[in-house]
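Read the structure below first, then the notes.
Just so it is clear, none of the values below were taken in a lab; they were calculated from the coordinates. Because the structure is a prediction, the values reported are computed rather than measured. A quick note on method: Cβ atoms are made from the backbone with ideal geometry, for glycine too, and the neighbour counts reach across all protein chains shown.
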Amino acid sequence: RDDYEKGNQTAEVVEFEKVEGLETAPTFSKKAVTIEFPTGSATLDNNGKAIVDREFKTLVKQFSGARFRVEGNTDNTGSNTVNQALSKRRAEAVVDYLVSECGADRNQFTVVGNGSKHAIDAGSTGSDNRYRTTDLLLISQ
């Protein structure tokens, strides 16, 4: 944990625990939901927050001592580089919301951006809502 000053603002930098291997660890359970983010955006709007509340919040509270992997996915529109970064930012937005709303420990979560990997693997081309998902995976209890 570190504090630093930039201009007239002071910001707190918090180092979070990084556990190797959680990005690919076996899962006990998976819940995939479609959260409609604005094109090119990772901002979780009120509709997205309602979906997270309904679909993920109870699980995170119920398994408060568990570790979760949150995976962002995109369809096969745009470049792989852009989709990879965008899917990770979207997964991070979901984790940020769960931490702020559930009081969960950020260290419970590992964030992965899959980009358009699943859409490409399935042979999907172009815009396809079935691949614009955010997955919550229980990886340890």
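Give me, ordered by chain and number, the residues 5 or more places off Asn76 or on other chains with an amide H under 5 Å from its own placed amide H.
Gly126, Asp128
Given points 7 Å out from each Cα along the Cα-Cβ axis, report the Arg106 to Ser64 separation in nanometres with one decimal.
2.0 nm
Which pairs in the list Lys49/Lys88; Lys31/Lys61; Lys31/Lys57; Lys61/Lys88 are over 19 Å apart, alpha-carbon to alpha-carbon?
On the way: Lys49/Lys88 17 Å; Lys31/Lys61 15 Å; Lys31/Lys57 12 Å; Lys61/Lys88 23 Å.
The pairs that break the limit, which is 19 Å between Cα atoms, are Lys61/Lys88.
Place a point 7 Å from the Cα of Asn129 along the Cα-to-Cβ direction; which residues of the range 42-72 have their backbone N under 14 Å from it?
Taking a point 7 Å out along Cα→Cβ of Asn129, the residues of the range 42-72 whose backbone N falls under 14 Å are 48.
Can you order the peptides 131-137, 106-112 by their average number of other Cβ atoms within 10 Å per residue, highest first? Mind dumping the intermediate values first?
Details: 131-137: 22.1, 106-112: 18.6.
The peptides rank, most packed first, as 131-137, 106-112.
In whole Hz, with x marking every Gly and Pro, tabulate ³J(HN,Hα) for the range 83-100 from phi via Karplus 6.51 cos²θ - 1.76 cosθ + 1.60, θ = phi - 60°.
My calculation for the range 83-100 gives 5, 4, 5, 5, 5, 5, 4, 5, 5, 5, 4, 5, 5, 4, 5, 4, 5, 6 Hz in order.
Within a Cβ distance under 10 Å of Thr134, other residues only, what is the Lys/Arg minus Asp/Glu net charge? Mind showing how you got there, number by number?
Numbers: positive: Lys31, Arg90, Arg132; negative: Glu55, Glu71, Asp135.
After counting each charged neighbour, the total is 0.
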